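Colleague: Have a look at the structure that comes next, please.
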Amino acid sequence: MNLPQPPRRPAPLAAWIAIALLLAGVLGALAGHAALSVALAGLCAIAVLLARVHRLNVRVDNKRFVPDARYRRLRRRTRQLSQQLHALRNAANSVHDAAVLLDGTGRVIWFNRAAGELLGLRRTQDRLVVLSERLRESTLGPWLESGAAKALNDVPAPNRPAVRLGAAMVPFGRHQRLLLARDISDLMRLEQVRQDFVANVSHELRTPLTVIHGYLELLDPQEQPELASVIGEMRVQSERMAQIVEDLLMLSRLETHQPLKEERVSMRALLATLRKEALALSKGRHAIDLQQRTDTDLYGSTRELHSAFSNLVSNAVRYTPTGGRITLIWERTGDGGARFTVEDTGYGIPANHLARLTERFYRVSSSRSRETGGTGLGLSIVKHVLNRHQSQLHIESEPGRGSSFSCSFGSMRLMHPEQAES
Ligand code: ADP
C-alpha cells in the first residue's frame, strides 16, 4: 500500500499578479503613460520575486520532506491496517466454506478461494459480474434471483452435481450481502445411510412382527387363564411395535422425496372420515364437533393428508380426558388460503416443549404417550406431510386448558367447488 504524498501547494497568487502587472505595464507603455508603466514594472518585479521565493520554499519542502509525528503515526497505522487486511484475506482463503461479497445490485465485489472451487468463480473474470446471472444454469441462480431469503439445503454445486451444497445469504452494512456456501456432501451421504438403515430395519421387522401378532391372536386367554394377563400384554406390545414400524416406514417414504401424487382432495369426505375415526377412538368419552366453514377442497395427496390430519385428531382424543371437547375446523383465512384446525380441551403442553414436538420420538410425557398407544412419531409425520404441501403447522397450547394444532395452506393448494381438476 502506498503512503500518502506530502501536499502540493497551489500556484502562488503572486505569480498571477506579476503576469497581470506585466501586461498592464506593457499596455501603459504602448499608451504613452511612461510613469505608470515604470510603476507597474516595479510592482511586477516585486511580485515575480515573491512568486520565486514561494517556489523555492515548495521545492525546499519537497526535497527535504521531514515527516512530523502525526505523519509517522499515520504511516504506522496504515502499515498495521495493511498487515491486518492481508491476514484477514489469508484467513478467508484458508476456510473451506465459500464466501462471496456482493454489493447492493448483486455484483461480486470479492470472493475467497473456496468460492472458486465450490461455485466455479474465476479470480479475474468474475469480479463485478452479477452473481445470479453468472450462476444462471445452476439451482443457485434462480435462488439468488428471488432474493435468497431462505437458506438452501442439499443443492448440486455448479458444474459438479456430485458435490452437494448448503447455502445462505447474510445481509450486512448498507445493502451489502455475503453469500456463504458449504460442501455438505458427507453429511448428505450419512443422512442417506441413516434413512436407508431405518427403512431397511423397519421393513425387515414387519414380517416377523406380523407372524408373532398372528400367533398371539390364535392364543385364547380363556383356555389358559393363568396366562391371560401375559397374553393381553403381549398383544398390546406387539400392536405397538407394529404401529412404530408402520410409522417409521411412512416417514422413510416421506423422506425419499418421491414426487407427490397430487389430486383433488375432497375435504367434505375427508372431514367426515376424520370425525368417524375420532368417534371410534373416543368411544363416547368426548364431544366431537365438526365445523366445515368452506366448500373449498385441497390439491395434494389424499393419503398423506389423511395420515397427517388423523394423527392430529388421534392426539386430541388421546390427550384429552373424558368429558372434554374436540373440535375439527376447516375454514378460509384472510390471506386467501385455508386452514385445518384440531382444537381440544385436554391436558395442554407447557410452552418450553412446543418447539421440539415435531422431532422424532419427542414426548412431553412418555408414560402418557405409551399408555395411550403413542409412538412419538405422529407429529413428525404431520410436519413432513405438510412440508410436502408447502403448508405450516402452528401449535398453541395452555397446560390444563387445551391445545390447538392448525395446518395452513396457501391459495395455490386450494380447489374451489367450481374449479375442475386439470
Ligand atoms: P405420540 O405418539 O407420543 O402422541 P406425537 O408425535 O404425535 O407422538 O406427539 C408428540 C408429543 O406431543 C406427545 O407425546 C404429547 O406429549 C404431545 N402432544 C401431541 N398432541 C397433543 C395434544 N393434542 N395435547 C397434548 N399433548 C399433545
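Colleague: I'd like the projected area of the range 188-255, averaged over all directions, using the convex hull of its alpha carbons. Report it in nm² with one decimal.
Modeller: Over every viewing direction, the Cα hull of the range 188-255 projects on average to 4.8 nm².
Colleague: Let me ask something else. Just rank 210, 296, fewest to most, by other beta-carbon atoms within 10 angstrom.
Modeller: 210, 296
Colleague: Sorting 177, 332 on the 10 Å Cβ count, fewest up front, what's the list?
Modeller: So the residues, fewest neighbours to most, are 332, 177.
Colleague: Continuing with the same structure: Give me, ordered by chain and number, the residues 5 or more places off residue 333 or on other chains with an amide H under 5 Å from its own placed amide H.
Modeller: 338, 339
Colleague: By the scheme Lys and Arg +1, Asp and Glu -1, what is the net charge of all other residues having a beta-carbon under 10 Å from that of residue 184?
Modeller: -1
Colleague: Neighbouring Cβ atoms within 10 Å as the yardstick, rank 333, 341, 320 fewest first. Intermediate values should be presented prior to the final figure.
Modeller: Values: 333 14, 341 18, 320 22.
Sorted ascending by nearby Cβ count, the order is 333, 341, 320.
Colleague: Also: Write down Rg/Rh for the range 95-183, rounded to two decimals, with Rg from the C-alpha atoms and Rh from the Kirkwood relation over Cα pairs.
Modeller: For the range 95-183, the value is 0.91.
Colleague: Could you tell me the convex hull volume per residue, in Å³, taken over the Cα atoms of the range 236-377? Provide the component values of the computation, followed by the final result.
Modeller: Values: hull volume 19.1 nm³, N = 142.
For the range 236-377, the hull spanned by Cα atoms encloses 135 Å³ per residue.
Colleague: Still on this structure, I have one more. With the Cα gyration tensor of the range 153-294 giving a ≥ b ≥ c as the square roots of its eigenvalues, does the rule (a/c under 1.5 for rounded; else a/b larger than b/c for prolate; else oblate) give rounded, prolate or oblate?
Modeller: Oblate, since a/c reaches 1.5 and b/c is not below a/b.
Colleague: With θ set to phi - 60°, apply the Karplus curve 6.51 cos²θ - 1.76 cosθ + 1.60 along the range 194-208 and write out the HN-Hα couplings as whole Hz, x wherever there is a Gly or Pro.
Modeller: Values per residue, Gly and Pro as x: 4, 4, 4, 4, 4, 5, 5, 4, 4, 5, 5, 6, 4, 5, x Hz.
Colleague: Using the Karplus curve 6.51 cos²θ - 1.76 cosθ + 1.60 with θ = phi - 60°, what ³J(HN,Hα) values do you get for each residue of the range 310-315, in whole Hz, with x for Gly and Pro?
Modeller: 6, 5, 5, 5, 5, 4
Quick note: the coordinates plus some simple rules give every number you see, no bench work behind them. Just so we're clear, the structure is a prediction, and the values are computed from it rather than from any experiment. Cβ coordinates were reconstructed from backbone atoms using ideal geometry, including for glycine residues, and neighbour counts include every protein chain displayed.
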